[in-house]
1. Rounded to the nearest Å, what's the spacing between the alpha carbon centres of region 146-221 and region 114-135? Just the number, please.
2. When the solvent-accessible surface of protein heavy atoms is calculated with a 1.4 angstrom probe, in what order do Met183, Met129, Met59 fall, highest first?
3. Evaluate the distance, in nm, between pseudo-label points positioned 7 Å from the Cα of Arg233 and of Asp203 along their respective Cα→Cβ axes.
4. Roughly what % of DSSP beta bridges within the chain run antiparallel, to the nearest 5?
5. How much area per residue is accessible in the chain when the probe is 1.4 Å and only protein heavy atoms are counted (Å²)?
6. Once you place label points 7 Å from the Cα toward the Cβ at Ile47 and Glu4, how far apart are they in nm?
7. Ignoring any ligand, DNA or RNA, what whole percent of the accessible area of the chain comes from carbon and sulfur when the probe is 1.4 angstrom?
8. What residues qualify as long-range amide H neighbours of Ile9, i.e. H under 5 Å apart, gap of 5 or more or another chain, H built at 1.01 Å from N?
Amino acid sequence: GVTEIGIVIGDTGPEIREAVGDGSRWGVAITFIPQDAPLGLAHAVKISRDFLGDDRFVMFLGDNVIQGGVSRLIEQFAGSAWNAQIVLTAVDEPQHYGVAELEADGRIRRLVEKPDEPQSNLALVGIYMFDAHVHAACDAIAPSRRGELEITDAIQWLVDRGLAVHPYVHTGWWIDTGKPIDMLDANDHVLEELTHTIDGRVDAASHVDGRVTIEAGAEVVNSVVRGPAIIGRRSRIINSYIGPFTSIYHDVTVEDAEIEHSIVLEHSEIRGIGGRIADSLIGRNAKLARSSIKPTAHKLTLGDYSDIGLL
């Protein structure tokens, strides 16, 4: 039911604009809201005021993936009289997160951002729902010791003034995709939740199991694809093996190669690779092929912070 989405962007704004587009493929309208510096989540709310108006809204941090998505939470908040709803989950190292301390009856006692000595293991997942009262909260708070306007301080302001802030404790999986392994883990979970369909072409020499999505315009030729997996639009899989928990984005070619538990972004090519590629993130427009030029050597062009394992 969400049709208007504002995306707060910073240094990576051009890349995000290119990746997201205008939202028409999802039937939504996208507004990009530039943030000059990373001055905190409450600051992001402040600079979004013209976009938000006095509407109730959900704020969703872009690096979060949560089991089941947020549709049910949005419906719950929309049908309530709450002024805010926050999503909490139990974590092993709460000192790295905003932490909520609850009363015995479940009400919020206190919120603390990255405490040195957490009094609770309930971390704030990066999903918040607010009504217009949050704007006064964001205007009232001061920057933290990190120099940021913390959303936890804004929520605490609401709590201190007796406004209705409902804590929802999420018991399913939740992933903060800060590291490559987190991206792969999130991909695993999302692929398992998909309803898979085959809209592309699979030839008679190929085997594709029931947990595989083949998007329109994609081709699978003389290949095996084992799910859960997804092959994006106009991608071509030729004489290859695509193993479980692999996401191939659009306009990718995989030929004479094997790959599993990996993510491959758009317009990339993987050809003639001996051995199986696994547990890998391959960015857009990448080309990975075996060279016929002598002497035999690995010839690589790698991005910042690359992590490559070779046999």
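1. The distance from the Cα centre of region 146-221 to that of region 114-135 comes to 20 Å.
2. So the residues, ranked largest to smallest area, are Met183, Met59, Met129.
3. In this crude label model, Arg233 to Asp203 measures out at 2.4 nm.
4. DSSP beta bridges in the chain are roughly 30 percent antiparallel.
5. Per-residue value: 56 Å².
6. Modelled inter-label distance: 2.0 nm.
7. Here carbon and sulfur together make up 50 percent of the probe-accessible area.
8. Ile33, Gln35
The values are calculated or read from the model by the stated rules, or taken from the named source; none is laboratory data. All of these numbers come straight from a predicted model, not from anything done at the bench. Here the Cβ is made from the backbone with ideal geometry for all residues, glycine too, and neighbour counts use every protein chain on show. Just so you know, the surface numbers come from the protein's heavy atoms only, side chains and all, with ligands and any DNA or RNA stripped out. Shrake-Rupley method; radii C 1.70, N 1.55, O 1.52, S 1.80 Å.
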